[in-house]
Amino acid sequence: MKADEDIVDSYLKSLDLGEVVYEPDGTVPPDFLIDGRIAVEARRLNQSYETDGNSRGLEEDSIPLRQSLERLLEGFGPARDDRTWFVFCRLKRPMSACKALRPLVREQLEQFLLQPVDASRVSVDAGLEICFAAATTVGGRVFLLGGNTDMDSGGWVVSEILKNMPAYIAEKTEKVAPYRKKYSCW
């Protein structure tokens, strides 16, 4: 059971509506069955955006990008000239795929090392900007990820849920369609 599903499991059990069974039919919908009659399909509520007519979670871009940047920065090795630099990134959609951004970021990092300037800001791509800030102490590596900002994330919780709800409902409606008749209550 995933962490998200564990939370749903605890909540459903707290309702005291009957026995809660996780994945009663295996790895197909529903995720839970309450009292042998109420089918429940769970979903994490995340922020998303629309691309090519599909809903895509913000984390589907931001997490792989951050992980790729961390690996890239590690590859530059130990501190040089007794300097360690924090690298901050700021992303905004639309942006290029992570694979396409990696060589562009590498090029900017290499250029920065030729003539480092504290607090410099570089536009890597229309959707990605990196900034450099000198660390006050020398770290083990020349570059450390200082942080990242996703310009598309955040906002008022209720309005974000309402904005994303149609995509959540459409996704789950399609997923449960083949299994809908098995249980009268969903």
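The values are calculated or read from the model by the stated rules, or taken from the named source; none is laboratory data. None of the values given here were measured: they were computed from a predicted structure. Neighbour counts are summed over all protein chains in view; Cβ atoms, including those assigned to glycine, are modelled from backbone coordinates with ideal geometry.
Only one of the numbered conditions (1) in a loop (DSSP other than H, G, I, E, B); (2) small (G, A, S); (3) within 20 Å of the chain's Cα centre (by Cα) is not met by G18, and that is (3). Only one of the listed residues (S96, S184, S159, S120) is on the phi < 0 side of the Ramachandran plot, under 19 Å from the mean Cα position of the chain (by Cα) and among the hydroxyl-bearing types (S, T, Y). That residue is S96. Can you go through V20, V8 and tell me which one is β-branched (V, I, T) and in contact with a helix residue (DSSP H, G or I) (Cβ under 6 Å, 6 or more places away or on another chain)? The conditions single out V20. Summed over the range 141-186, the residues that are under 30 Å from R121 (Cα atoms) and among the β-branched types (V, I, T) give a count of 2. Scanning the range 53-106 for residues that are in contact (Cβ under 8 Å) with a residue 60 or more places away in the chain, closer than 28 Å to I169 by Cα and part of a strand (DSSP E or B) turns up S55, L91.
Total residues in the range 33-52 satisfying the condition of being assigned to a strand (DSSP E or B) and surrounded by fewer than 14 Cβ atoms within 10 Å (Cβ to Cβ): the figure is 2.
Only one residue in V158, V122 is surrounded by 11 or more Cβ atoms within 10 Å (Cβ to Cβ) and either farther than 15 Å from R66 by Cα or touching a residue at least 40 places away in the same chain (Cβ under 8 Å) (or both). Which one?
V122
In the set L73, L33, only one residue is out of contact with any Lys or Arg (no Cβ under 6 Å at 6 or more places or on another chain), under 30 Å from L113 (Cα atoms) and modelled with pLDDT of 95 or more; that residue is L73.
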